[in-house]
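Written out below as structure tokens is the structure these notes cover.
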Amino acid sequence: MLSSYFHSKYSLRNKLLASVAISGIVFTGLGFVTPTATAAESTHFSGATSSAVKTANTDPHERAVALRNQMSLDEKLGQLIWTHVYGSDANQVTEKQAASNEAVFGTGITTPAAAIQHWKLGGVLYFNWSDNIGRPADLQQIASLSNGLQDAARATGTGVPLAITVDQEGGLVARLRGSTTDFPGNMALGATRSTELAQQQGVVMGRELKAVGINVDFAPVADVNTNPQNPVIGIRSIGSDPKLVADLTKAQVLGLQSEGVSATAKHFPGHGDTSSDSHTSLPVVNYDRATLDQHLEPFRAAIAAETDMIMTAHVIVKAIDPQQPATLSKAVLTDLLRDEMGFQGIITTDAIDMEGAQLAVMTEEEIQHYNDWKCKGTTSINGGKNTAPENAEACIDLMKKIRGEVTVKAVAAGSDIVLNTYDVSASVEALKTALQDGTLSEDHINASVDRVLEWKARRGVLDSPNADLSQIDTTVKNGEAKYIASQISSLATTLVRNKNQVLPLPAGAKVLVTGSTYGNPEKLEPRLANFGFRTSYETTKKLNPTDEEIAKQVAAASNVDYIIYTAYRAYTSTQQQKAVKALAETGKPVIVVVTHVPYDSAALPQANAVLNIYGNQDPNHEGAARALTGLISPRGSLPVSVPAIAGIEGSRSLPYGYSLTYPSRVPVIDRALAPAPEEAPFQDVPVNRTFAGEINWLKTTGISTGWDDNTFHPLEGISREAFAAFLYRLIDSKPGATQMDLHEDITSPFMDYQNGKFSNEVAHVARLGIIKGWPDGTFRPEEKISREAVAAMLHRMCEETRFVCATGLNTLPVPEVSGNVFSDVPAGAMFAADIQWFKQTQITTGYPDFTFRPQEPVHRDAIAAFLYRLTKNRIR
């Protein structure tokens, strides 16, 4: 059963990759080569590796069984325990980190490497607070830590490498924030309704995690957020509609796993309808089985996408088991998830140090002791942070018992992985006792070990677990990745109120940016200033502003035209509500930017406009600035329904899917806009997609027919040979464009492109002087073409042909560049004049931050827009 399951799982990935294979190079959705084992990966480890790991047997299931048969009991149990370690290096730690490791792993075990080798751990979990990841993250350090941990694991016993895991959801929960690509978050994705962007986000996240040696992402969040009072999920959820959550969850799973990083759908069977946080309590949901099935829909979709892992929730779901949280419930994990839903991958608990798991096994007397003695945070050798010295030993004994019971109950219920125990000794000893007294059987343990080992074989963890540090700079946070994050942030902005058409802001207006510090107004204010607005800034120190702080905000509004207030969970904050009301009473227009769940939309009826951006981080505020200034039109729609709030006069509900918009106010000169197509031109280009009209034009003119499966791959970069073919077809479609015979066979002038698919097209475009090639006489056909190269080629085409470019474009004089064209294109840049022409003709206006990003690759959808404008724009 397990072997066939994994066989189908990985054959699906192979089909996905094979479907986009070009010229022997495998491309993913972003147009990058899928990473393979490098010399650095295969030679980094110099210690002894067991023959079991090195076995020539290629069947993952047989390989797993053979490896497990050589393991001691300690090694097998170690495979089931994945927990945190303290330190930024596998072998070198600070005094504080050493003490923390001893507290979790035992006296004398001071380094991460020592912990792995002593307990034969199967996996580790990276956190910021355990010093594995700095803020901001140092990617070279993380990759070095990963490699050091893998070296330690491979030098231990049978030498099985580790699962290295992290919570990298994007948005609110992102452990590598700032150093990998930052995304706006799940609910922002939900507001875009785009499965394509969800999958592309997964691809980027998977690729970037893989680059630093992380092979498991505890994402995506598959919870359906139906409870506005949910304190822990909220914007981490895609939305309140089960189908939307299911579709985008599936897309993220496919994206992550296409890059060899395992996805983990969480928190099964759903944490979206809770009103308490399982970190600090034991939530209970009372809905019936029919409602539960709605919350299960995203998990069914993740299973259909063949997610490697599913994480449990410390939540009691009365419709299935009214006594135990899902993490400890056989009815939930085995009867429902395994047997009914057919999931045969790895089940992991959520962190068992959370009180939602621990409270479930405590007696009332133990709960009383736990609270009275202040045992929270107790480790194997220390009492909790607030524990009185006289109660420390009692707390240690109590918590050992609790952690041991949670471990055994979770494994007995059907979990393969016990995640993040604060006392490894307690967990291991409890498992051994359970095996001795018959609570657990050897076959039960072996089945879980086999699942873990087979996963490690299938994902390449057994053979090539190490990161290649030399690839980090080119893999992480590159132009493709930033473009996708920017697209999500722009398409997610959701306007739900715009009284008297107060938005977009008029150019040059004086604006006060204020609000709760949790809304990060300091991230929005400089972005508006960059767009030429005269801005001032006033914030508060806490979530709930004091009356004195509100008075300062009101005073700061006296000399401005508009007030922008960054709200953050204002529907729970009467002081934020008071602040917005006071600001509205100044008579100045108040624009609320909601930086968390959109329920704030109903809490602030005095605001003139309300724009939801679903997060408080840089990419969210980037989208906000674009929408507020009219550089883009708000395009998102509510991914949850917003109820009216009792007791707030003027509060009104908003339905799921609600949205308003206004035309963008991009400064263009007769820029041509392609009409929206009546039907989708390609399977992956819906009619409401950005540039759908331009892509439809590209298809109907025969410039591009897409792929054989009727897809266009709009977010892929375009190769130099394909772009040359596009230009050839465009020129050929215009009678009299050139006196040359475009249909005679001629020889390519480039030594590396004599017999390629588009050799003749490339030769003709080169003969026209549009393509110059490289100084070494090569064309480099498969390289992705850069933005600056596109500007140069289109400029040359307008100069060298007739009737191709729109009226006026080919008669513009060569521009003189005296200053910066864009902030990243100085006057002396190689293609500065071409880029100046590109800007002058309004084929592009650059990015909202006044950059052009000349060396970034151009996406296929942008090429469609550029060529359409090239032929349709009119310069006056």
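The values are calculated or read from the model by the stated rules, or taken from the named source; none is laboratory data. Since this is a predicted model, take the numbers as computed values, not measurements. With ideal geometry, Cβ positions are generated from the backbone for all residues, glycine too; neighbour counts draw on all protein chains shown.
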### Query
Name the residues in segment 347-363 that are part of a loop (DSSP other than H, G, I, E, B) and of a type outside the set (Ser, Thr, Tyr), would you?
Asp350, Ala351, Ile352, Asp353, Met354, Met362
### Message
Is it the case, given these coordinates, that Thr249 is of a type in the set (Ser, Thr, Tyr), in contact with a helix residue (DSSP H, G or I) (Cβ under 6 Å, 6 or more places away or on another chain) and buried (at least 24 other Cβ atoms within 10 Å of the Cβ)?
### Response
yes
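Residues are listed down the side, and each one gets a yes or a no for (1) in a helix (DSSP H, G or I); (2) closer than 28 Å to Gly756 by Cβ; (3) in the same structural domain as Lys757 (by TED's automatic domain parsing); (4) at pLDDT 80 or above:
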| position | (1), (2), (3), (4) |
| --- | --- |
| Ala789 | yes, yes, yes, yes |
| Met793 | yes, yes, yes, yes |
| Met797 | yes, yes, yes, yes |
| Thr807 | no, no, yes, no |
| Gly819 | no, no, yes, no |
| Gly828 | no, no, yes, yes |
| Asp849 | no, no, yes, no |
| Ala864 | yes, yes, yes, yes |
### Test for Tyr599: is it touching a residue at least 24 places away in the same chain (Cβ under 8 Å), touching a helix residue (DSSP H, G or I) at 6+ places or on another chain (Cβ under 6 Å), hydroxyl-bearing (Ser, Thr, Tyr) and under 22 Å from Ser486 (Cα atoms)
no
### Query
Is it the case that segment 394-408 has a residue that's under 21 Å from Val285 (Cβ atoms), within 30 Å of the chain's Cα centre (by Cα), modelled with pLDDT of 95 or more and not charged (D, E, K, R)?
no
### Summary
Looking across segment 201-210 at residues that are more than 9 Å from the chain's Cα centre (by Cα) and not aliphatic (A, V, I, L, M), the single one that is surrounded by the fewest Cβ atoms within 10 Å (Cβ to Cβ) is Lys210
### segment 459-472 residues that are under 19 Å from Gln141 (Cα atoms), paired with ones that are surrounded by 19 or more Cβ atoms within 10 Å (Cβ to Cβ) and β-branched (Val, Ile, Thr) (beta carbon under 7 Å, 6 or more apart)
Ala467/Val212; Ile472/Val212
#### Entry: Qualifying residue in segment 571-579 (condition: over 32 Å from the mean Cα position of the chain (by Cα) and aliphatic (A, V, I, L, M))
yes
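Yes/no matrix, rows are residues, columns are (1) charged (D, E, K, R); (2) in a loop (DSSP other than H, G, I, E, B); (3) touching a residue at least 60 places away in the same chain (Cβ under 8 Å):
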| position | (1), (2), (3) |
| --- | --- |
| Leu698 | no, no, yes |
| Ala722 | no, no, no |
| Ala725 | no, no, no |
| Pro749 | no, yes, no |
| Tyr753 | no, yes, no |
| Val762 | no, no, no |
| Thr778 | no, yes, no |
### Query
Residue check: is Met311 touching a residue at least 24 places away in the same chain (Cβ under 8 Å), buried (at least 16 other Cβ atoms within 10 Å of the Cβ) and over 27 Å from the mean Cα position of the chain (by Cα)?
no
#### Entry: Residues located in segment 95-115, provided they are without any contact (Cβ under 8 Å) to a residue 24 or more places away in the chain and not hydrophobic (A, V, I, L, M, F, W, C)
Glu95, Lys96, Asn101, Gly108, Thr110
### Message
I'd like the full set of residues that are over 25 Å from Asp308 (Cα atoms), assigned to a helix (DSSP H, G or I) and small (Gly, Ala, Ser), limited to segment 428-470.
### Response
Ala430, Ala434, Ser470
### Lys499 being of a type in the set (Lys, Arg), out of contact with any Phe, Trp or Tyr (no Cβ under 7 Å at 6 or more places or on another chain), in the same structural domain as Thr535 (by TED's automatic domain parsing) and in contact (Cβ under 8 Å) with a residue 40 or more places away in the chain
yes
### Task
Name every residue in segment 564-590 that is in contact with a Phe, Trp or Tyr (Cβ under 9 Å, 6 or more places away or on another chain), assigned to a helix (DSSP H, G or I) and not hydroxyl-bearing (Ser, Thr, Tyr), in order of residue number.
Ala570, Gln576, Gln577, Ala579, Val580, Leu583
### Task
For Val221, indicate whether it is in contact with a strand residue (DSSP E or B) (Cβ under 8 Å, 6 or more places away or on another chain), surrounded by 24 or more Cβ atoms within 10 Å (Cβ to Cβ) and not assigned by TED's automatic domain parsing to the domain that holds Pro598.
yes
### Task
Report the residue count in segment 496-529 for those that are of a type in the set (Gly, Ala, Ser), crowded, with 16+ Cβ neighbours inside 10 Å and out of contact with any Ser or Thr (no Cβ under 8 Å at 6 or more places or on another chain).
1
### Message
Condition (residue is touching a His at 6+ places or on another chain (Cβ under 6 Å) and either surrounded by 18 or more Cβ atoms within 10 Å (Cβ to Cβ) or at pLDDT 95 or above (or both)) applied to segment 543-565: is it met by at least one residue?
### Response
no
### Message
Being in a loop (DSSP other than H, G, I, E, B) and crowded, with 24+ Cβ neighbours inside 10 Å: is that true of Gly270 here?
### Response
yes
### Message
For segment 764-784, which positions are of a type in the set (A, V, I, L, M, F, W, C) and surrounded by 21 or more Cβ atoms within 10 Å (Cβ to Cβ)?
### Response
Val765, Ile770, Ile771, Phe779
## Note on the structure
Taking first residues from segment 361-378 that are free of Cβ contacts under 8 Å to residues at least 12 places away in the same chain and second residues anywhere that are of a type in the set (A, V, I, L, M, F, W, C), the pairs with Cβ under 6 Å that are 6 or more apart or on different chains are none
### All positions within segment 325-346 that are farther than 17 Å from Ser278 by Cβ and outside any helix (DSSP H, G or I)
Met341, Gly342, Phe343, Gln344, Gly345, Ile346
### Query
What is the number of the single condition among (1) farther than 22 Å from Ile488 by Cβ; (2) at pLDDT below 95; (3) within 32 Å of the chain's Cα centre (by Cα) that Arg626 does not meet?
(1)
### Query
Taking segment 153-165 on its own, how many of its residues are part of a helix (DSSP H, G or I) and either touching a Lys or Arg at 6+ places or on another chain (Cβ under 6 Å) or closer than 13 Å to Val85 by Cα (or both)?
0
### Query
Do we have any residue at all in segment 195-211 that's part of a loop (DSSP other than H, G, I, E, B) and either in contact with a strand residue (DSSP E or B) (Cβ under 7 Å, 6 or more places away or on another chain) or within 24 Å of Leu654 (Cβ to Cβ) (or both)?
no
